[in-house]
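Reviewing the structure listed below.
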Amino acid sequence: MRVYFYEEQLRSFLRESGKKELLQACAVVYVFRAESVAHFYLNPTPVSPYAEQAKGLLLVSPDSMVMDEGENFRQFCQKMPLGNDVEFVLLVLGADDSSAVCYYRDRADCFVRAEVVSVKKKGDFHSRSRGLIEVDSLARKSVCIIGLGSFGAPIALELTKSGVGHLALFDPDRIEPENINRHPCGINDLGRLKVDAVRELVLRKNPSIIVNAFPFDVNEHLGELEAQIEQSDLVVCVTDEKRSRLNTNQLVVRQSTPAIFSRAITRAAGGDVFCYRPGGPCLACLFGQGLYGNADEISTEVQSRRDAPAYMSNTDIGARIQAGLSVDILPIVQMSVKLALVELSRTTELPMSSLEEDLSMPFYIWANRRELIYEKWLPMKAFYNRNSIMRWYGVDVCKDNECLCCAV
Amino acid sequence: MDKQRYNIEYAILQRNFPGRFLFKKKGQELSLDMGMKTSAGKVYRIEIRIPRDYPASVPIVLLNYPDTLRTYRGELLADISPSHAMHTLAPQAGVLQLCHYKLENWHPNVTLYKVALKCLIWLEAYENHLTTGRPLTEYLGV
């Protein structure tokens, strides 16, 4: 059996308890019996593992003999009965030394020594990213994500994996069966608010991340959105409708906060990513330049009904729903995350910062298939000097000097 | 609508429709009343209801005067609305609602002046419809 415990939880317990001869505390242990793995928690977990729950006990003893294998522990148990329901005992030698051993009760009702793995500190989760990105700096950054569908949820997850320390999540919707095949959340989350399900998803990657969840339609709660944008270093707007994008654009321009707007077009035949950098063109500048087409991907009936003209029949509303594949969404997600990391890591001198030069355009276009607006593009084959699918194209968008959003 | 945007909208309307518009505020609701005269000399009054998150949202346009409009065949226009052929949306409390900008064509650099201009074009097309019986789509496109 291999038992994982969080060293920070132990240290915090020892700090709060002070120096006493013998300390003990109840714990919750989540056991994956078939895999011989257990997770030992002294504090309530932000996210409960999908595992069997067992009772654990933490003992802090100054007597090093207790730590010895076999007979000493058995003698200790005789002196201090543990109770029949305790399955795991984590023994720690005194408050100054957090070296630990763990015993678990086997099928024969005997305590057997387990392998202990201490999860040291939050920095450990991102230790392999060091040198590529400024991990400590990212931990202080805050990102506001509007829309937690098949774009927003994986973006939240990737930013968490990269080490972003604060997220503000906005989405009024719940996880429905039709979301599952494109969304990182699964069937266990059906019916749940996306903000809560995604919050748990990111906490599984980094239990130290601070997540503020807002199950709101931002169009009806512009005050709350503005307050969150004010506290954010970056805004990622990945909603499935124009109105919230335009409202977000208005607010990020007003507060001079960088923002990324990403979307797919019909059936995810392709998509685009727009990056607003204060002083540069805003999303409203894009409309007049014929670059921001209107063929948004429509993936739900709610979306189809909301955007349809009043005279459209129910049959036509149903026919408009043309969702794309998850695999066609992911390249756009990946580009959005890279742009986000570039914006969050400006001024750092790390390998990642060379991307600042590569990703300096405000607008990027991607095609998955030669359909719709990409219909006339030529087959990819081996050519690199013409438009083809599966490549990013940066577009230099001029700022509209008469834009009523950013130029006045 | 913030103060800066209001000032811009006001200035453009003052330049193009001088003396023929009035902003009205009732509680939190802001609207724009406009008097319009077609080339045939007929007078209409429209009300442009400005959403709280304008210009992110499309304004609603109601035709307040005359209170009833009929088609070439004598039907009440409000009764056959919403109508793609006549460029009308669902009436609001019985008042005819004009279709001006589709959501997909709307963006924040469209001003209330442009909305008003589209309504004036709608009225011209409507008067032609009364003469020829042809649907408004033939004049305005889809």
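We did not get these values from a lab; they are worked out from the coordinates using the rules stated. Only a predicted model underlies this, so the values are computations on that prediction, with no experimental measurement involved. Don't worry about glycine lacking a Cβ; one is built from the backbone with ideal geometry, like all the others, and counts go over all protein chains shown.
Tabulated data for the structure shown
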{"item": "Cβ-placed point charges (K, R +1; D, E -1), dipole of the protein assembly as shown about Cα centre in debye, nearest 20", "result": "1320 debye"}
{"item": "Lys/Arg +1, Asp/Glu -1 at C-beta; chain B dipole; positive extreme among B:GLN4, B:PRO82, B:PRO59", "result": "B:GLN4"}
{"item": "Stokes-Einstein diffusion coefficient of chain B, Kirkwood radius over Cα pairs, 10 °C, 1.306 mPa s, in µm²/s", "result": "102 µm²/s"}
{"item": "Label-zone membership for the range A:219-250, site A:ASN294, 7 angstrom Cα→C-beta point, backbone N under 12 Å", "result": "none"}
{"item": "Theoretical gain in end-to-end length, A:GLU115 to A:ILE210 [0.36 nm per residue, Cα-Cα removed]", "result": "31.1 nm"}
{"item": "Set B:LYS24/B:LYS102; A:LYS194/B:LYS26; A:LYS376/B:LYS118; A:LYS161/A:LYS242 screened for pairs whose C-alpha atoms are more than 31 Å apart", "result": "A:LYS194/B:LYS26; A:LYS376/B:LYS118"}
{"item": "Of A:GLN303, A:ILE321, A:ALA227, farthest towards positive along the dipole that unit charges on Lys, Arg, Asp, Glu beta carbons give chain A", "result": "A:ILE321"}
{"item": "Proxy reagent accessibility, fewest Cβ within 10 Å first, across A:CYS77, A:CYS406, B:CYS119", "result": "A:CYS77, B:CYS119, A:CYS406"}
{"item": "Residue among B:GLY27, B:GLY94, B:GLY74 with the largest mean-square fluctuation in a Gaussian network model of chain B, springs linking Cα atoms under 10 Å", "result": "B:GLY27"}
{"item": "10 Å beta-carbon shell around B:TYR54, net charge (K/R +1, D/E -1)", "result": "0"}
{"item": "Helix axis angle, B:112-132 relative to chain B longest principal axis, alpha carbon, degrees", "result": "10 degrees"}
{"item": "Computed lengthening from A:ARG306 to A:ASN188, 0.36 nm per intervening residue step minus Cα-Cα distance", "result": "39.6 nm"}
{"item": "Whole-Hz ³J(HN,Hα) from phi, Karplus 6.51 cos²θ - 1.76 cosθ + 1.60, for the range A:154-170, glycine and proline x", "result": "x, 5, 4, 5, 5, 5, 5, 4, 7, x, 4, x, 9, 10, 10, 10, 10"}
{"item": "In degrees, nearest ten, helix A:326-344 long axis to first principal axis of chain A (Cα)", "result": "80 degrees"}
{"item": "Spatially proximal aspartates and glutamates relative to B:LYS37 (Cα-Cα < 20 Å; intrachain offsets below 8 disregarded)", "result": "B:GLU47, B:ASP67, B:GLU124, B:GLU127"}
{"item": "Cβ-placed point charges (K, R +1; D, E -1), dipole of chain B about Cα centre in debye, nearest 20", "result": "380 debye"}
{"item": "Hits among lysines - C-alpha to C-alpha of A:LYS79 under 23 Å, sequence gap 8 or more where chains match", "result": "A:LYS19, A:LYS20, A:LYS55"}
{"item": "Rough spin-label spacing in nm, given labels placed 7 Å along Cα→Cβ, for A:MET390 and A:ASP316", "result": "3.8 nm"}
{"item": "Spin-label pair A:GLU224/A:GLN78, simplified geometry with 7 Å Cα→Cβ offset, distance in nm", "result": "6.2 nm"}
{"item": "Proximal charge balance of A:ARG386 [Cβ under 13 Å; K/R count +1, D/E count -1]", "result": "+4"}
{"item": "Per-residue Cβ neighbour rank within 10 angstrom, fewest leading, B:LYS42, B:LYS3", "result": "B:LYS3, B:LYS42"}
